[in-house]
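Colleague: The structure is given below, and queries will be raised subsequently.
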Amino acid sequence: MVSHPIPPSRHMATEAAAWATVLVRRHLVYAMVPVPTGQWLVQQVPNGPVQLLHGPASVLDLAATIQRQLRTARPDSR
């Protein structure tokens, strides 16, 4: 069986979808929904404004930003 590598853009879209699921399940954002154009709608809190992300890279950037915020918010346990 020959394995075909996933194209970078498809891989990024898959990773973005996975991160969106994690962010919503962990209640770090209220909702994240992909739209057919490749963009994403994000709502941080219920009844809050809806933000438009321009693609999977923006979703990954948002996930990284949230991770940084979480790391700096918790006390260093080392």
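Colleague: Only helical DSSP H runs with n ≥ 4 go in: add -39500 (n - 2.57) per run for the chain, normalise by residue count and round the 222 nm mean residue ellipticity to 500 deg cm²/dmol.
Modeller: -15500 deg cm²/dmol
Colleague: Could you work out how far helix 56-73 tilts from the main Cα principal axis of the chain, as a 0 to 90 degree angle to the nearest 10?
Modeller: 30
Colleague: Express the accessible area of the chain per residue in Å², computed with a 1.4 Å probe while the remaining protein chains stay in the model.
Modeller: Working: 6150 Å² over 78 residues.
Computed with neighbouring chains in place, this is 79 Å² per residue.
Colleague: For the chain, take N as its residue count and report Rg(C-alpha) divided by 2.2 N^0.38 Å.
Modeller: The value comes to 1.28.
Colleague: Follow-up question, since we're still on this one. Ranked highest first by average number of other Cβ atoms within 10 Å, how do 49-55, 12-18, 33-39 line up? Present the calculation step by step, with values, prior to reporting the outcome.
Modeller: Working: 49-55: 13.4, 12-18: 16.0, 33-39: 11.7.
By packing density, highest mean first, the sequence is 12-18, 49-55, 33-39.
Colleague: Accessible area of the chain with a 1.4 Å probe: how many percent of it is carbon plus sulfur? It would help to have the intermediate numbers written out before the result.
Modeller: Numbers: 3650 of 6150 Å².
C and S atoms contribute 59 percent here.
Colleague: How high is the relative contact order of the chain? Use alpha-carbon pairs under 8 Å, at least six apart in sequence, and give a whole percent.
Modeller: Worked out over the chain, it gives 23 percent.
Colleague: So, one more: Take every Cα-Cα distance within the range 12-52, group them into 5 Å bins from 0 onward, and report for each bin the whole-number percent of pairs it holds.
Modeller: P(r) for the range 12-52, in whole percents per bin: 6, 26, 32, 25, 10, 2.
Colleague: Now, a different point. What residues qualify as long-range amide H neighbours of GLY55, i.e. H under 5 Å apart, gap of 5 or more or another chain, H built at 1.01 Å from N?
Modeller: Under 5 Å from the amide H of GLY55: TRP40.
The values are calculated or read from the model by the stated rules, or taken from the named source; none is laboratory data. Bear in mind the structure is a predicted one, so any value in this text is a computation, not a measurement. Backbone-built Cβ (ideal geometry, glycine too); neighbour counts: all protein chains shown. Side chains included, ligands, DNA and RNA excluded: accessible areas come from the protein's heavy atoms. Shrake-Rupley method; radii C 1.70, N 1.55, O 1.52, S 1.80 Å.
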